[in-house]
Every structure is written in C-alpha cells, then in structure tokens.
1. From the gyration tensor of the Cα coordinates in the range 41-111, what semi-axes in whole Å does the equivalent ellipsoid have, largest first, with each one equal to sqrt(5λ)?
2. Where the accessible area of the chain is counted over protein heavy atoms with a 1.4 Å probe, how much of it, in %, is carbon and sulfur?
3. For the chain, what is the charge dipole size about the Cα centre, in debye to the nearest 20, if Lys and Arg each add +1 at the Cβ and Asp and Glu each add -1 at the Cβ?
4. For the range 125-130, what does the Karplus curve 6.51 cos²θ - 1.76 cosθ + 1.60, with θ = phi - 60°, yield as ³J(HN,Hα) per residue in whole Hz, taken in order and with x for Gly and Pro?
5. Report the full-extension gain for the segment S100 to Q145: residue separation times 0.36 nm, less the Cα-Cα distance, to one decimal in nm.
6. In square nanometres and to one decimal, what's the mean projected area of the convex hull around the Cα atoms of the range 62-148?
7. When all alpha-carbon pairs of the range 12-81 are counted, what percent fall beyond 18 Å?
8. Suppose each label sits 7 Å from its Cα in the direction of the beta carbon; what would the I35-L68 distance come out to in nanometres?
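The values are calculated or read from the model by the stated rules, or taken from the named source; none is laboratory data. Treat the numbers as computed from the prediction; the structure is a model and nothing was measured. Quick reminder, even Gly has a Cβ in these numbers, built from the backbone with ideal geometry, and neighbours come from all protein chains shown. The accessibility values were calculated without ligands, DNA or RNA, using every heavy atom of the protein model including side chains. Shrake-Rupley method; radii C 1.70, N 1.55, O 1.52, S 1.80 Å.
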Amino acid sequence: IADWDTGIESTKLSAVISRLKAKGWLGGTTNVTTIFIGCQGEQDTNLGTLQAAYAASLNSVISKSRALGFSGTWFIPQAESWYMGVAGPQVVAGQAAVISHGSGIWEGPNLDALVGNTCSGVACRQADNLHFSNAGAASAATAWQTALHAFGAPF
C-alpha cells in the first residue's frame, strides 16, 4: 500500500482522477456514480506490513483522492491479504481500520475466503496459490456485486 501512497504507483491515482474529470464523470453534471474499489494487500502480507502502517498509507491514499476532487465512495475488502497460502491478519486489521461510513469508506467482500475448492467446487486460486483462477475471479466478482448491492442505491 505504501507504493500507492508515496512509492512507484503514487502518480497513478492523480492520472485516473484527471481522466475521470476530463470525461465529466467527477464534478460534472452527468448522472454517473463513480467509486473506487481498493483491492490490495497480498504483497503487504509478504512484506509483514503492520496494521498501523497499512491503515496510515491507505488513509493517506484516500485523503489524496479527496484532495484531487474524488468525493465518491471507496470500497475496501473485508480481507484481501492472501499470499501463497498465508493470510495476513495485520493487513486485514489495517483494512478494517479505515472503514468509516461517515467518510464514504465502506466494507467489501472477504476475498481471503476464496481458497481451496470453494469456488463452485474448483480451485479458487491458480497453481501459485496467490492469483485467482477463472473460477476464483468469477466468485470474487460475484462477492463484489453482493457487497455493492448491500450498500444500496445506485447498485
């Protein structure tokens, strides 16, 4: 997550928000709902990122998006930390720590639960036990759809 805050990925947020503004999808008059789905955490499990550091970096990324003009909702997974067979409780706690409905930050699905053969009876992960298989990706998409519908309108 630190890469998205101050590291190699940090310029991408500004670029995305600029493109959304240019299309009139942020701050415009179009009837468009724009959200961010923050799916990140596996490498932080590998790196041993602690809860406080994870939450601080994620909160900083969200704050930067607000400063750039994004006022929409952020959705953060309940858990997305699975790294080659290991879940990261510090990362999951950091993800949970940023949830704040009053600040427009809502909880998404538990993607760490998509392991083994729980995805319609087939493997949820590829042979690397990290990335989703086709069945895992489909299950993740369904889980996100369920989380967005639970949020309410306009989903």
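1. Taking √(5λ) for each Cα gyration eigenvalue gives 22, 13, 9 Å.
2. Carbon and sulfur together cover 57 percent of it.
3. Details: 7 positive and 9 negative charges, 122 e Å.
Taking the Cα centre of the chain as origin, the dipole is about 580 debye.
4. Per-residue couplings from phi come out as 10, 6, 4, 6, 6, 10 Hz.
5. On the way: separation 45, 0.36 × 45 = 16.20 nm, distance 2.00 nm.
Using 0.36 nm per residue and subtracting the Cα-Cα distance, I get 14.2 nm.
6. Details: hull surface 24.7 nm².
Average of the hull's projected areas for the range 62-148 equals 6.2 nm².
7. Above the 18 Å cut-off, the range 12-81 has 44 percent of its Cα pairs.
8. Each label point is offset 7 Å from its Cα along the Cβ direction, giving 1.9 nm.
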